Amino acid sequence: APESAGKMLRVFNGMDLENFREVAPDPQNPVPRIVSTGRLIEFKGFHHLIAACAELGKRECDFTCEIIGEGPWREALQAGIDELGLANVVELLGTRPQEEVFQRLNTCDIFALACIVDQAGASDVFPTVILEAMASAKPVVSTTLAGVPESVVSGTTGLLVPPGDEAVLADALEKLIRSPELRRKFGAAARRRIETEFGVDTTVQP
């Protein structure tokens, strides 16, 4: 509604940073660790992330990927992991307590969410888990879908790719896997963006 822009005030979901006081911007993992979180349903795009991981394997990238969550797509996703020979690289961790999710975000190297529009037209709108990853000073790889570009500034706090484009998703992940310096740079910028734009003390004022 551009004709009504002057009447509208955008107020973001606020983040309580109490849960993200101590961050590990340079985790000491043996190889870069990717984490993704969400319900195992179509529009979260985990099947595209798994396919991108297979492509990364062909490119001889060293990494691991953890997918946290539960849902009706679990069996199909595990079948995809097995079929692509990724059992030693990609792991479905199931549902975990919130404290453990925060801990895994804090100690990963890259956060990924390959969200798409599903066959029924449903999609993520403004994923809170992306804000949690940014609060943990992690670079985010996600898609140019709905409100995601309002949180992730592509090329500054992470990298955004077209939904469903597995090759470009793999390109973005490879770029970060191969560059610890870029991971640190994007992660630090992500944390600063959360503190200045999304801290709850800021967002409640309007």
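Quick notes on this structure:
- Filter result for ALA133 (among the small types (Gly, Ala, Ser), in contact with a strand residue (DSSP E or B) (Cβ under 6 Å, 6 or more places away or on another chain) and open to solvent by less than 10 Å² (accessible area, probe 1.4 Å)): yes
- The listed residue being over 30 Å from PRO206 (Cα atoms) and modelled with pLDDT under 95, out of PRO27, PRO2: PRO27
- Hits in region 145-155 - residues which are part of a loop (DSSP other than H, G, I, E, B), modelled with pLDDT of 95 or more and surrounded by 14 or more Cβ atoms within 10 Å (Cβ to Cβ): LEU145, VAL152, VAL153
Let's see how each residue does on (1) surrounded by fewer than 23 Cβ atoms within 10 Å (Cβ to Cβ); (2) over 17 Å from PRO127 (Cβ atoms); (3) under 17 Å from the mean Cα position of the chain (by Cα):
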| position | (1), (2), (3) |
| --- | --- |
| LEU159 | no, no, yes |
| ARG184 | yes, yes, yes |
| ARG193 | yes, no, yes |
| THR196 | yes, yes, no |
| THR203 | yes, no, no |
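- For region 52-86, the candidate set comprises residues that are in a loop (DSSP other than H, G, I, E, B) and open to solvent by 70 Å² or more (accessible area, probe 1.4 Å); within that set, the residue that is farthest from LEU173 (Cα to Cα) is PRO72.
- Hits in region 156-182 (condition: of a type outside the set (S, T, N, Q) and not in a helix (DSSP H, G or I)): GLY158, LEU159, LEU160, VAL161, PRO162, PRO163, GLY164, ASP165, ARG178
The values are calculated or read from the model by the stated rules, or taken from the named source; none is laboratory data. What you are looking at is a predicted structure, and each value in this text was computed from that prediction instead of being measured. Backbone-built Cβ (ideal geometry, glycine too); neighbour counts: all protein chains shown. Accessible surface is based on the protein model in full, side chains and every heavy atom, while ligands, DNA and RNA are left aside. Shrake-Rupley method; radii C 1.70, N 1.55, O 1.52, S 1.80 Å.
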